[in-house]
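The values are calculated or read from the model by the stated rules, or taken from the named source; none is laboratory data. Keep in mind the model is a prediction, meaning the values are calculated, not measured. Cβ: placed from backbone, ideal geometry, glycine included. Neighbour counts: every protein chain shown.
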Amino acid sequence: MIKTKYSVDGSICSTLDYETNPNKYRGLITCLECDRKAWFIKGFTTAKIERTACFAAHHNEGCDASTVILINDDTDSEQGQDDHIATSDIRIDLDKTNTNSIYISESNDKHNEEESDWNSSPNKNATNGSSGFPLNKSLKQLLSNLCKNRDYAEKNQTITIVADSGRILIDGLLKDFIVPINDIKHEDVAKLRIFWGEINNLNEVDGDLWLNYGDYRKEPSIFMNSNLKNELIRNFKLKEISELDGSDVIVVGNAAVSPNGKIIIRTGFTKYISFRRYRPSDSASIGD
Ligand SMILES: [Zn+2]
């Protein structure tokens, strides 16, 4: 789509408007039809394609305004895999991570017929990988499952996250730690949680990076100082930060509330964060 609604006054924001004044519109534009949050994709020319600037959004189903086909970078396509994950305990071993992958080992001891058993005794054998299930899953895949099913964590899976030092950071039921970025409650503040949701826009201020859910003045953001930002660019091989516009994100971190009531999530390392990125399909018709 090439037009969006500026949510402050309901006026139309065109791609030219946006490009002329990104700070005015960033985080404050929505689809004219379905009102979902939108983000700007700038035009570019390569040897193969020429793309005009446009907007994208995760439109509601059936929304006619969608002209950009977004392809996510999910890699797990094994049939039936989700059912398996849904009934397995999850362990994330942060000291086994490199660059942007966080491996989650999951038990192949399915437990799906024995709910009472695995409720009362989470499979501790699952923690050292010695019980024959070298099935590694990334934090990204947890995100992917959450994106496909918001209630994914309601199946009483357990999760353990262990830091390099061996200190247990998170240990318990997944649902007690998973928090949607757009629904952070008071009780989730100042505690280590696994936040996930959409990043609809980003901005850089004094070298620091803000990954914003929406209105950067009021709605939640993930904050990264310039060191962390540079690490992020390196580890995720980003050509530019705007590649993360419209991504889904998952981050292990702490939320705090700023003096003007905005929630800010911070994390210590880029290995605690993962993205499910979207890119416009090259075959899509763009800009009607
Ligand atoms: Zn729409």
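Among the residues of segment 1-45, those that are hydroxyl-bearing (Ser, Thr, Tyr) and at pLDDT 90 or above comprise Thr4, Tyr6, Ser7, Ser11, Ser14, Thr15, Tyr18, Thr20, Tyr25, Thr30.
Among the residues of segment 46-58 satisfying the criterion of being among the aliphatic types (A, V, I, L, M) and modelled with pLDDT under 90, which is nearest to the ligand (Cβ to nearest atom)? Per the stated criteria, the residue is Ala53.
A Cβ distance below 9 Å, combined with a sequence gap of six or more or placement on separate chains, defines the contacts here; from segment 171-186, residues that are under 13 Å from Gly253 (Cβ atoms) reach residues that are acidic (Asp, Glu) in the pairs Val179/Asp188; Ile181/Glu198; Ile181/Glu219. Restricting attention to segment 28-45, the residues that are in contact with a Lys or Arg (Cβ under 8 Å, 6 or more places away or on another chain), away from the ligand (no atom under 16 Å from the Cβ) and not hydrophobic (A, V, I, L, M, F, W, C) add up to 2.
Assessment of segment 44-62 against the conditions (closer than 17 Å to Glu243 by Cβ and free of Cβ contacts under 8 Å to residues at least 24 places away in the same chain) yields at least one matching residue.
The number of residues in segment 173-200 being farther than 24 Å from Phe275 by Cβ and surrounded by 13 or more Cβ atoms within 10 Å (Cβ to Cβ) comes to 1. Taken over segment 196-244, residues that are free of Cβ contacts under 8 Å to residues at least 12 places away in the same chain and not charged (D, E, K, R) amount to 5. Among the residues of segment 209-219, is any farther than 19 Å from Ala38 by Cβ, at pLDDT 90 or above and in contact with a Leu (Cβ under 8 Å, 6 or more places away or on another chain)? Within segment 209-219 (the criterion being farther than 19 Å from Ala38 by Cβ, at pLDDT 90 or above and in contact with a Leu (Cβ under 8 Å, 6 or more places away or on another chain)), the answer is yes, since at least one residue qualifies.
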